[in-house]
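Structure first, then comments.
The values are calculated or read from the model by the stated rules, or taken from the named source; none is laboratory data. This structure is a prediction, so every number in the text was calculated from the model and none was measured. Here the Cβ is made from the backbone with ideal geometry for all residues, glycine too, and neighbour counts use every protein chain on show.
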Amino acid sequence: MELKERFLKYVAFDTQSDPGSETFPSTAKQLALLNHLMEEMIGLGLTEVEIDPNGYVMGSIPASPGYEDKPVIGFISHVDTSPDMKGSEIRPQVIGRYDGGDIVLNGELVMRVAEFPELAFFKGHTLITTDGTTLLGADDKAGVAEIMTAAEYLMTHPEWKHGKIRIGFTPDEEIGRGVDFFDVERFGARFAYTVDGGFEGELEYENFNAAGVKITIQGRNIHPGYAKDKMINALQVACDLHALLPAVQRPEHTEGYEGFYHLTSLSGTVEQARMEYIVRDHSRECFEAKKKYLADAVALLAERYGEGVVSLEVRDQYYNMREMVEPYPEVIAKAEQAMEMAGVVPVIRPIRGGTDGARLSYMGLPCPNLFTGGMNFHGKYEYCSLDTMHKAVQTILNLAKLWGE
């Protein structure tokens with residue numbers, strides 16, 4: 001199956017995850033694609049193909065004869081799409097030989113080069129975009145399609161020598177639960193790569209330390225005409241708290257290694273309000289300092305408004321994989337070499353986010369992240385380059401060969 005055809009087939013599946021769900025996977029609809037992938041892997045002749053009770057799909061590309069003693073490596077992608085934007089009824093648009101200009105997504109929405117200057121890099125590429133009403137799902141169905149296309153090639157080209165290769169597909173990465181029940185021992189790889197990056201050449205083995213924060217504010221509602229010295233407006237307390245956090249440390253003002261506080265949800269009434277933040281920083285020291293600063297801000301407001309008014313819940317989500325990957329420089333060196341063999345310039349930079357690979361690295365499976373060619377994830381401006389996707393497939397194939405040498 002051609003890469004484009006495979007990708008378009010996968011994005012037609014609605015696999016949006018749900019952070020409010022208590023099941024795993026968080027949505028049953030993810031299983032439709034996961035089961036499809038299992039059947040496709042069986043059809044391609046992969047061995048040890050299975051889907052476990054949690055929805056994880058695993059399979060093996062057997063080692064070439066005589067290469068059984070080579071290190072077992074893995075490639076992993078997630079099937080779910082972000083809950084931030086509609087992920088059903090996706091109508092992709094294919095633009096052959098993009099001319100470098102603004103892209104009309106629909107009659108009302110234009111993706112302008114002035115606002116997305118990285119589009120200039122993709123001049124001459126075949127682009128796949130949304131129609132401006134949904135996300136595309138390149139995060140991470142581009143990675144899924146690239147892994148499956150590489151797997152098909154390896155199964156049909158025995159002259160491409162390699163050791164045993166393991167493939168894994170996960171649900172719920174977008175809501176931070178992607179490897180909650182992933183069996184690293186059963187997966188059986190010594191090293192792995194998540195194929196979940198963006199821009200061509202991205203190679204990432206540093207990511208944020210991450211925490212999720214929930215703040216509950218219990219106000220006291222009194223008739224506003226008689227509220228003096230009695231009312232506690234929960235919404236005002238929420239505003240006070242947000243104002244205490246440094247404005248320069250919001251996502252819209254940060255880049256590179258700079259961390260942030262990101263208010264993701266605010267709801268409520270005078271009587272009660274709820275806030276949710278995500279806290280991120282590449283430095284573990286700065287990460288801990290951010291959490292302490294937030295706790296100090298909550299304590300200050302609790303002192304100001306009284307006991308029981310403000311409560312704080314902080315949950316660490318994942319940590320920077322760098323310290324788990326750096327002891328194995330060959331994992332990065334081979335990825336760089338594989339990209340260069342594919343005509344790709346490696347771009348090593350920190351992930352301003354997280355992947356399944358971050359948690360897997362702490363679970364004993366060093367797992368840096370490779371590019372997919374997808375851009376502007378999680379929204380209606382999402383697109384991907386088919387040309388870059390082909391280079392991602394070639395990078396995977398080159399890694400298979402290099403680890404087999």
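Things to note:
- Taking each residue of region 190-218 that is on the phi > 0 side of the Ramachandran plot and looking for partners that are surrounded by fewer than 24 Cβ atoms within 10 Å (Cβ to Cβ) with beta-carbon atoms closer than 6 Å, six or more apart or interchain, yields GLY201/VAL344; GLY201/VAL345; GLY201/PRO346; GLY201/VAL347.
- Members of region 264-296 that are among the aliphatic types (A, V, I, L, M) and either in contact with a His (Cβ under 6 Å, 6 or more places away or on another chain) or crowded, with 20+ Cβ neighbours inside 10 Å (or both): ALA273, MET275, ILE278, VAL279, LEU294
- When the residues of region 343-385 are filtered to those that are surrounded by fewer than 19 Cβ atoms within 10 Å (Cβ to Cβ) and among the hydrophobic types (A, V, I, L, M, F, W, C), the one that is nearest to MET321 (Cα to Cα) is MET363.
- Where strands (runs of 3 or more DSSP E) fall wholly inside region 159-241, the ranges with 2 or more residues that are under 30 Å from PHE260 (Cα atoms) and touching a Lys or Arg at 6+ places or on another chain (Cβ under 8 Å) are 202-204, 209-218.
- Qualifying residue in region 46-54 (condition: within 30 Å of TYR381 (Cβ to Cβ) and either assigned by TED's automatic domain parsing to the domain that holds ASP183 or at pLDDT below 95 (or both)): no
The rows are residues; the columns are (1) under 25 Å from SER385 (Cβ atoms); (2) out of contact with any strand residue (DSSP E or B) (no Cβ under 9 Å at 6 or more places or on another chain); (3) not in a loop (DSSP other than H, G, I, E, B).
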| position | (1), (2), (3) |
| --- | --- |
| ALA32 | no, yes, yes |
| GLU40 | yes, yes, yes |
| VAL49 | no, no, yes |
| SER60 | no, no, yes |
| GLU68 | no, yes, no |
| PRO71 | no, no, no |
| ILE76 | yes, no, yes |
| ASP84 | yes, yes, no |
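- Pairing residues of region 268-294 that are assigned by TED's automatic domain parsing to the domain that holds ILE222 with residues that are at pLDDT below 95 and among the basic types (Lys, Arg), at Cβ distances under 9 Å and at least 6 apart in sequence or on separate chains, gives ARG280/ARG352; HIS282/ARG322; HIS282/ARG352.
- Scope region 1-26; condition more than 17 Å from ASP172 (Cβ to Cβ) and surrounded by fewer than 22 Cβ atoms within 10 Å (Cβ to Cβ); matching residues: MET1, GLU2, LEU3, LYS4, GLU5, ARG6, LEU8, LYS9, ALA12
- For region 311-333, the criterion of being under 15 Å from GLY197 (Cα atoms), part of a helix (DSSP H, G or I), of a type outside the set (Ser, Thr, Tyr) and not assigned by TED's automatic domain parsing to the domain that holds ALA247 is met by at least one residue.
- Every pair of residues 6+ apart whose Cβ atoms lie under 8 Å, when the first sits in region 354-374 and is on the phi > 0 side of the Ramachandran plot while the second is part of a loop (DSSP other than H, G, I, E, B) and of a type outside the set (A, V, I, L, M, F, W, C): GLY373/GLY198; GLY373/GLU200
- Unmet criterion (only one of (1) charged (D, E, K, R); (2) over 17 Å from TYR381 (Cβ atoms); (3) surrounded by fewer than 19 Cβ atoms within 10 Å (Cβ to Cβ)) for GLU108: (2)
- Residue count for region 51-75, restricted to those that are touching a helix residue (DSSP H, G or I) at 6+ places or on another chain (Cβ under 7 Å) and either on the phi < 0 side of the Ramachandran plot or among the aliphatic types (A, V, I, L, M) (or both): 10
- Only a single item in (1) touching a strand residue (DSSP E or B) at 6+ places or on another chain (Cβ under 6 Å); (2) among the charged types (D, E, K, R); (3) in a loop (DSSP other than H, G, I, E, B) is not met by ARG352, and it is number (1).
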